[in-house]
1. Give me the lysines in straight-line cross-link reach of K95: C-alpha distance below 18 Å, same-chain residues under 8 apart excluded.
2. Separation between the D125 and R170 pseudo-spin-labels, each 7 Å from Cα along Cα→Cβ, expressed in nm?
3. For region 45-146, what relative contact order do you get, as a whole percent, if you take Cα pairs closer than 8 Å and at least 6 residues apart?
4. Apply the a/c threshold of 1.5 to the C-alpha gyration tensor of region 45-125 and tell me whether it is rounded, prolate or oblate.
5. Among 59-72, 144-157, how do they line up from the highest to the lowest mean number of other beta-carbon atoms within 10 Å?
6. At 1.4 Å probe radius, can you tell me the per residue accessible area of region 38-146 in Å²?
7. Roughly how many percent of the accessible protein surface of region 102-171 is carbon and sulfur, given a 1.4 Å probe and a whole-percent answer?
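The values are calculated or read from the model by the stated rules, or taken from the named source; none is laboratory data. Please read all numbers here as calculations on a predicted model, not as lab measurements. As a convention, Cβ positions derive from the backbone with ideal geometry for all residues, glycine included, and neighbour counts pool all protein chains shown. Just the protein is used for accessible areas: all its heavy atoms, side chains included, with ligands, DNA and RNA removed. Shrake-Rupley method; radii C 1.70, N 1.55, O 1.52, S 1.80 Å.
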Amino acid sequence: MSAGMLRVGLLGRMGRGIASRETRRFMADEAAKSTRDPTKLMFNFLVPSSSVYKDAEVDMVVIPAATGEMGIVPSHVPTVAQMIPGMVSVFTGEKVEKYFVSSGYTFIHPDRTDVCAAEAVKLDDVDVEAVKSQLAHCESAMAGASNEKDKAEAQIGVELYSALTSALARK
């Protein structure tokens, strides 16, 4: 073994012990300085073009996970959840804001939750009659589809507008 390799090995072993103690001390100091309310969930809600919520403190978030609706509160178990078309509800005090998402993923970390949606629209901004019209159009297109591609595209539309109709009914 060369002298250079020996030094790196010794410094690496010694450095890990020192860094570990320093890291623990830093984390303890940061935790002591934290002004964040531990009863609140740090929340980010992102779409490709913007942030709907950025570093917001909320009480609870409910997402349309592929496994069913999932409620997320502070200290939730770290998880990654795939979202299906449905409603995201954000609870802050007595206020509840509801959004429709087309798909995406939710990343639940020990210190925050990130909802990353392909598309999101506030339910209050959705035109109910336009949704009904689009659902009827997609159902008609699916029934009259002459090939598998057209049928699959129409089926996606039916699933999306059906989920949006259901979310609006629960609004």
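1. Straight-distance partners of K95: K40, K54, K122, K171.
2. Result: 2.1 nm between the two label points.
3. Working: 174 pairs, mean separation 23.7, N = 102.
Over region 45-146, the number comes to 23 percent.
4. Working: a/c = 1.35, a/b = 1.12, b/c = 1.21.
Rounded shape, in that the Cα axes give a/c under 1.5.
5. Values: 59-72: 17.0, 144-157: 12.5.
Final packing ranking: 59-72, 144-157.
6. Values: 5790 Å² over 109 residues.
Accessible area per residue, region 38-146: 53 Å².
7. Values: 2220 of 4260 Å².
Of the solvent-accessible surface of region 102-171, carbon and sulfur hold 52 percent.
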